[in-house]
Amino acid sequence: MKMIQRSPPLSTDELVPKIGMEFQIEEEAYDFYLKYAKQVGFDIRRTRTHNDNSGRLIDRTFCCSAQGKRGKDKRDIYVKQSRAETRFGCDAKLRISCRNNDKFCVVNFIKEHNHYLSSPNKTHLYRCHRNISSSAAIQIEMTSEVGIPPKASHDLMMRQAGGRENLGFIPEDYKNYLQSKRTRNMRVGGTGGVLEYLQKMQCDDPNFFNAIQVDEDDLITNIFWSDAKMRADYDNFGDVVCFDTTYRKNNEGRPIALFVGVYHHKQSIIFGAALLYDETTLSFEWLFDTFTKAMSEKKPTTILTDQDAAMAKALAFRWPETHHRLCIWHIYQNAAIHLSGVFSQFKEFAKDFASCIYDFDEEEDFLSTWNLMLTKYALEDNDWIPNEYILKRWTRNAKDEYFEGNDTIVNKDSLDPKILHNMRYRDLCGLSVQLVTKAAERDDTHMVVKNAMLSLCKMVDEKLQVNESIVHQSNLSQEASQLVQSLDDTTRNLNETEYQIGEGNDLTVKGIKPKKKTVSSKRLKRGIE
């Protein structure tokens with residue numbers, strides 16, 4: 001059999017572009033520079049291009065993603081904390097041209113960067129090095145259809161690929177793909193029913209406002225509506241808005257988001273409602289833009305929300321001048337969770353805590369009552385879920401022990417062999433995963449476990465071979481015994497059988513009545529007859 005010689009992977013020096021290097025097409029040059037960037041540790045993007053009169057591409061420049069400077073944004077005066085700077089005026093680039101021949105030739109290459117480069121094991125986080133393959137897309141859609149959570153599915157695919165650096169995409173790409181390529185469609189007739197209802201409301205109320213967002217497949221994702229009364233109430237009492245997505249979810253699992261306010265009689269009023277496909281930053285950004293458009297570009301002075309990171313990010317981008325505060329109800333619920341031990345120990349603590357939260361409007365009164373409460377219940381040094389209330393699974397030592405399987409089954413012999421095999425397999429898999437996860441953290445532990453596993457493999461093979469030999473000998477003995485028994489039975493049957501010699505030396509067996517032969521006196525018929 002002829003052995004196939006595999007070419008070794010290219011080294012960093014072989015991936016360095018050189019002046020005069022030729023490529024058949026633009027994508028070939030881009031892929032070459034992309035491999036070099038991944039090996040060195042930076043992100044790239046396409047930039048300047050030139051075409052001839054016929055529209056044919058004649059030159060292209062690929063640059064480092066840190067090239068250039070971020071432009072000045074007029075909204076910066078309202079932003080409390082700007083995003084991290086990602087452009088540093090880096091001049092590293094690769095320029096190709098086909099002006100002189102039919103192939104693209106490297107005409108300019110600048111290697112030096114003016115910023116720190118990433119290590120090769122972190123370059124998979126850059127945007128240009130992330131891509132969802134067709135096979136991965138199929139697996140994502142299949143796991144979404146059967147209801148597997150995105151995080152669990154992503155972790156499984158990461159293990160199958162041998163690590164997150166080999167998978168090719170991050171959890172954010174996973175969520176974005178599900179949003180753009182939605183596999184869970186609305187029920188038959190659902191879209192038509194929604195549109196019919198909105199059209200009816202528009203006819204009944206000329207000031208009724210509605211908006212629908214669709215994805216690239218023309219499927220409905222987000223819906224917002226607000227009638228005339230809601231818009232009028234917002235004009236009068238829309239300085240403070242409470243935005244809540246925890247109210248209810250429909251049969252499709254889509255959250256109903258409500259913009260709620262309070263009017264002069266301290267009663268709740270609704271300013272608008274939305275049916276969201278998901279609770280991502282993109283959905284919230286669309287919703288806040290749509291709400292502003294419905295309310296004649298008037299934004300609330302203060303908005304109260306729960307502790308949702310995606311919502312907070314969208315508010316910082318779309319309503320930077322609006323004061324973002326957390327809802328006091330959610331604050332109380334979180335405090336009740338973190339201080340559950342104090343709530344159970346002191347019966348009056350819940351009453352005092354609620355009074356401190358709800359009954360004081362002035363800052364001085366609140367601080368005075370708060371300090372008195374801390375002194376009364378000796379909570380001055382309390383720093384939110386004490387060591388005795390912290391479960392080990394939430395600490396850094398959660399993986400210090402090995403968890404053994406369940407060996408408490410008594411009647412193993414009564415179980416099916418396949419079931420026993422599966423039980424043993426799951427037990428060993430659990431231990432092996434714990435072991436290799438720890439051992440892979442360092443080189444020395446990796447080699448210890450690897451050598452030990454190789455030794456175990458040899459021991460198991462030898463054990464299985466010995467058992468197979470014993471089983472084979474036992475089978476041979478059983479077959480020989482069965483053969484002897486069969487021969488004995490045959491001989492016994494022959495000895496017990498009585499033979500008789502009948503008329504005409506015919507051999508007949510006792511118990512079987514032979515049929516007498518008779519000679520007919522009739523003439524035989526000819527063939528023609």
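Can you give the FRET efficiency for residue 380 and residue 28, using 1/(1 + (r/R0)^6), R0 = 56 Å, r = Cβ-Cβ distance, to the nearest 0.05? Efficiency, rounded to the nearest 0.05: 0.25. Here's how it looks for residue 271: its modeled amide H is under 5 Å from those of 259, 260, 261, which are all 5 or more places away or on a different chain.
A 1.4 Å probe, protein heavy atoms only, puts the accessible area of residue 214 near 70 Å². Put a dot 7 Å past the Cα of residue 165, heading toward its Cβ, do the same for residue 235, and the two dots end up 6.2 nm apart. Please give the FRET efficiency for residue 351 paired with residue 197, using the beta carbon to beta carbon distance and R0 = 56 Å, rounded to the nearest 0.05. The formula returns an efficiency of 0.75 here. Derived scalar couplings between HN and Hα for segment 47-64 equal 9, 4, 8, 9, 10, 7, 5, 8, x, 7, 5, 10, 7, 8, 10, 9, 10, 5 Hz in order, rounded to whole Hz, by the Karplus curve 6.51 cos²θ - 1.76 cosθ + 1.60 (θ = phi - 60°), x for Gly and Pro.
Our analysis of segment 233-336 gives Rg over Rh at 0.94, with the two radii drawn from alpha carbon positions and Rh computed by the Kirkwood formula.
When you count the other C-beta atoms within 10 angstrom of each residue and take the mean per peptide, 152-161, 229-238 line up highest first as 229-238, 152-161.
Remark: spin-label model distance residue 343-residue 307 equals 1.4 nm, labels positioned 7 Å along the Cα→Cβ axis.
In this Cβ point-charge picture (+1 for Lys and Arg, -1 for Asp and Glu), segment 206-245 has a dipole of about 280 debye about its Cα centre. Between amide H atoms placed 1.01 Å from N, distances below 5 Å from residue 44 occur with 65, 128, all of them 5 or more places distant or on a separate chain. Computed from backbone phi, the HN-Hα couplings of segment 129-137 come to 9, 10, 7, 9, 6, 5, 5, 5, 5 Hz, rounded to whole numbers (Karplus: 6.51 cos²θ - 1.76 cosθ + 1.60, θ = phi - 60°; Gly and Pro given as x). Taking 0.36 nm per residue of separation and subtracting the Cα-Cα distance, full extension of the segment from residue 14 to residue 298 would add 96.3 nm.
A crude spin-label estimate for the pair residue 54 and residue 423, with each label 7 Å from Cα along the Cβ direction, gives 7.6 nm. With a Förster radius of 30 Å applied to the C-beta separation of residue 176 and residue 330, the computed FRET efficiency comes to 0.60.
The values are calculated or read from the model by the stated rules, or taken from the named source; none is laboratory data. Worth saying up front: this structure is predicted, and the values here are computed from it rather than measured. No Cβ is skipped: glycine too gets one built from the backbone with ideal geometry, and neighbour counts run over all protein chains shown. For accessibility, only protein heavy atoms count, side chains too; no ligands or nucleic acids. Shrake-Rupley method; radii C 1.70, N 1.55, O 1.52, S 1.80 Å.
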